[in-house]
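Peer 1: Please read through the structure below; I'll follow up with questions.
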Amino acid sequence: MDLTTEQLSIINSSGHIKINAVAGSGKTTTIIEYAKSRPANSRILYLAFNKSVKIDAARKFSEIGLSNVRVETAHSLAYKNVIFKHHYKVRPHGYKTNELADLLGLKGNGDKLTEYIIANHINKLVSYFCNSNKEKVKEVDYLQIITDAKARSFVKTFYNYIQKQSRLLLSKMDKGEIDITHDFYLKKFQLSNPKLNFDFILFDEGQDASPAMLDIFLKQESTKVIVGDTHQQIYGWRFAVNSLEKADFKTFNLTKSFRFAQPIANLAVSVLDRKSIISKHESVNISGLNNENENKTKAILSRTNLGLLLKAIEYVTEKRNVKRIYFEGNINSYTYADDGTSLYDVLNLANGNRQRIKDKLIQSMQNLYELEQYIKKTEDVQLGMMVEIVKEYGNEIPGIIKSIKERHLENDHKENADMIFSTVHRCKGMEYDSIQLVNDFLTEEKLKKLKNESDEKELNVSKLNEEINLLYVAITRAKSCIYIPEELMPVGFPPSSQIHILKEASENDFRESDLNTLREIKQKSWSVAESREKNKKAYMPWTSELDKELTEMFCNGVDEKNMAKHFNRSRGAIKARIKKLQLNELF
């Protein structure tokens, strides 16, 4: 195996080190080679961020015969040391809001909705504390993570009560009176100050570690190696901290990406440079070394579940040639919130079918407006997404979801999918030949507007940096080709054979045959003559160059709506040209 100079420097290093590795730079390969070069009798612990990374790493270490490496996650270590010792029972999905309200006998001015809002904040405060490195609940400042003004006002009013009930909940779990959560046993493990009997500890994806995980790691006497990408931190909502910045170790860098070519590397760097708009930022150097141009795996990536589900709906209702699709993660999770609330419950609330609602929280709401008030006071983003989908598609939802599921492949057949759908969080660590980005990421224009309109104290720099990181992570999943909305592109960045810009739709992007829908929506009357005059490009003849571009977009899974926007033509014209070129038959 040919290793780069950067990789060899890491492998030959000594003492505690941290490795800042750009996307696709072979950090796992480097860590494996590092472990391989240590003495054969060394006891080595590889700490993975999650179970999927753990399984993949264990397989790779096993394939090269490194039997002295133990692969764990922080949670799996904690589970073995805490659960077996105390005989706890784990509640895998935690407690729902209504369950906590009943369990703790919450009182909120006699108002059930207030009780549920309090329960929601208790859940969050307990999770925040368990992921922190603090010893007591009173040592964490829960208010600092609440950004919405209404939510902050509510929490200030009930803060002492929320804090008291949070301690009660933790006490009940500690005594074994109720089942414990995953966050709880990790916290109990951290507070026990465990001593891990290893010569070397290798901590992967360090940028997404919680303070509790980092505290366990840093307190060990072993030689410590932490690796990650400062700019891939996207789990702030799970209270992650950038551990690479917290660890005071000698720094090494992996700047050469084997995943993509230089144009994609340049785009990734340009997106990261947006951080200079809001705070001090040192530009990153990324060298793209991959010159392959395959088109086997195609994916649509979004920032949010809502954005992805809407795009999937668009595909199953409009792009008939996509017969097999795959969702990273459990497909059902895209219609459920983390606490188990179903999209169908929200739909039944909107329709007034209260007897069909299964979730007690949703059942307690009188109407959709009351649910929206609850969302504002709790900052429940996932519930908010569900409300938006219900407002957009209403009673069409059951039929659409059924159609999506009928086309969905099981895990073992993922490679046969015509299109893979994923949020950025779910595709972390994945790579695809071609990707198309949904237009739900933070734009440069919006970032500048937030900067100009906000007081420096009000500007949440870490949250905005994480929004930029999300777009960076999405872009760097691509190996060969990216289709990116024009709004997400850095100003003046040149398109290339690897980067294709999807233009945003406007009224002038459509021919007369497409204006019927716009007339219904905006009640605007346009004549054919006006449309032709304003949109001359839509009537230009197709050339061999345009046909080639259309064919490439078709093969990369770009939908007809976006192709119509890109070429300034109607969907009817795009469909006709696809039929003329026999693209459905050929591909």
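Peer 1: Kindly indicate which of Leu8, Leu3 is exposed (fewer than 15 other Cβ atoms within 10 Å of the Cβ), within 15 Å of Phe252 (Cβ to Cβ) and touching a helix residue (DSSP H, G or I) at 6+ places or on another chain (Cβ under 8 Å).
Peer 2: Answer to the check: Leu3.
Peer 1: In addition: Give segment 394-425 a look and list any residue that's within 21 Å of the chain's Cα centre (by Cα), over 16 Å from Tyr336 (Cβ atoms), of a type in the set (S, T, N, Q) and modelled with pLDDT of 85 or more, or say none.
Peer 2: Scanning segment 394-425 gives a single hit, Ser422.
Peer 1: Just name the residue that is modelled with the lowest pLDDT out of those in segment 480-521 that are among the hydroxyl-bearing types (Ser, Thr, Tyr) and within 32 Å of the chain's Cα centre (by Cα).
Peer 2: Ser506
Peer 1: Collect the residues in segment 322-351 that are without any contact (Cβ under 8 Å) to a residue 60 or more places away in the chain, of a type outside the set (Ser, Thr, Tyr) and open to solvent by less than 30 Å² (accessible area, probe 1.4 Å), keeping them in residue-number order.
Peer 2: Ala337, Leu343, Asp345, Val346, Leu347, Asn348, Leu349, listed by residue number.
Peer 1: Pairs needed: first member in segment 410-423, closer than 13 Å to Lys323 by Cα and assigned to a strand (DSSP E or B); second member anywhere, open to solvent by less than 10 Å² (accessible area, probe 1.4 Å) and not β-branched (Val, Ile, Thr); C-beta distance under 8 Å; at least 6 residues apart or different chains.
Peer 2: Hits for this filter: Met419/Ala299; Met419/Tyr315; Met419/Gly557; Ile420/Ala299; Ile420/Phe327; Ile420/Glu328; Ile420/Tyr432.
Peer 1: Further question: State all residues of segment 538-569 that are modelled with pLDDT of 80 or more, outside any helix (DSSP H, G or I) and over 19 Å from Asn295 (Cβ atoms); if no residue qualifies, say none.
Peer 2: Within segment 538-569, Pro541, Trp542, Thr543, Asn568, Arg569 meet the criteria.
Peer 1: Oh, and also: Let me spell it out: the conditions are (1) in contact with a helix residue (DSSP H, G or I) (Cβ under 6 Å, 6 or more places away or on another chain); (2) under 26 Å from Lys250 (Cα atoms); (3) open to solvent by 20 Å² or more (accessible area, probe 1.4 Å), and Leu202 meets all of them except one. Which number is the exception?
Peer 2: Going through (1) in contact with a helix residue (DSSP H, G or I) (Cβ under 6 Å, 6 or more places away or on another chain); (2) under 26 Å from Lys250 (Cα atoms); (3) open to solvent by 20 Å² or more (accessible area, probe 1.4 Å) one by one, Leu202 breaks only (3).
Peer 1: Here is a further query. I want to confirm something. Restricting to segment 541-571 and keeping residues that are under 30 Å from the mean Cα position of the chain (by Cα) and of a type in the set (Gly, Ala, Ser), which single residue is farthest from Glu486 (Cα to Cα)?
Peer 2: Gly557
Peer 1: Against the definition (at pLDDT below 80, open to solvent by 70 Å² or more (accessible area, probe 1.4 Å) and either touching a helix residue (DSSP H, G or I) at 6+ places or on another chain (Cβ under 7 Å) or within 30 Å of Phe260 (Cβ to Cβ) (or both)), how does Leu586 come out, yes or no?
Peer 2: Numbers: at pLDDT below 80: yes; open to solvent by 70 Å² or more (accessible area, probe 1.4 Å): yes; either touching a helix residue (DSSP H, G or I) at 6+ places or on another chain (Cβ under 7 Å) or within 30 Å of Phe260 (Cβ to Cβ) (or both): yes.
So Leu586 fits the description; yes.
Peer 1: Here's a check for you: in segment 219-232, which residue that is touching a helix residue (DSSP H, G or I) at 6+ places or on another chain (Cβ under 8 Å) and closer than 25 Å to Glu135 by Cα is surrounded by the fewest Cβ atoms within 10 Å (Cβ to Cβ)?
Peer 2: Lys224
Peer 1: Spot the failing condition for Thr114; the list is (1) of a type in the set (S, T, N, Q); (2) within 26 Å of the chain's Cα centre (by Cα); (3) over 25 Å from Lys188 (Cβ atoms); (4) assigned to a helix (DSSP H, G or I), and only one is missed.
Peer 2: Result: Thr114 passes all but (2).
Peer 1: Of all residues being in contact with a Lys or Arg (Cβ under 9 Å, 6 or more places away or on another chain) and open to solvent by 50 Å² or more (accessible area, probe 1.4 Å) in segment 35-51, which is farthest from Ala74 (Cα to Cα)? Just the residue, please.
Peer 2: Among residues in segment 35-51 that are in contact with a Lys or Arg (Cβ under 9 Å, 6 or more places away or on another chain) and open to solvent by 50 Å² or more (accessible area, probe 1.4 Å), the one farthest from Ala74 (Cα to Cα) is Arg43.
The values are calculated or read from the model by the stated rules, or taken from the named source; none is laboratory data. Model, not experiment: these values are computed from the prediction. In this analysis, Cβ positions are derived from the backbone assuming ideal geometry, glycine residues included, and neighbour counts consider all displayed protein chains. Quick note on the areas: whole protein, heavy atoms, side chains included, nothing else; ligands and nucleic acids left out. Shrake-Rupley method; radii C 1.70, N 1.55, O 1.52, S 1.80 Å.
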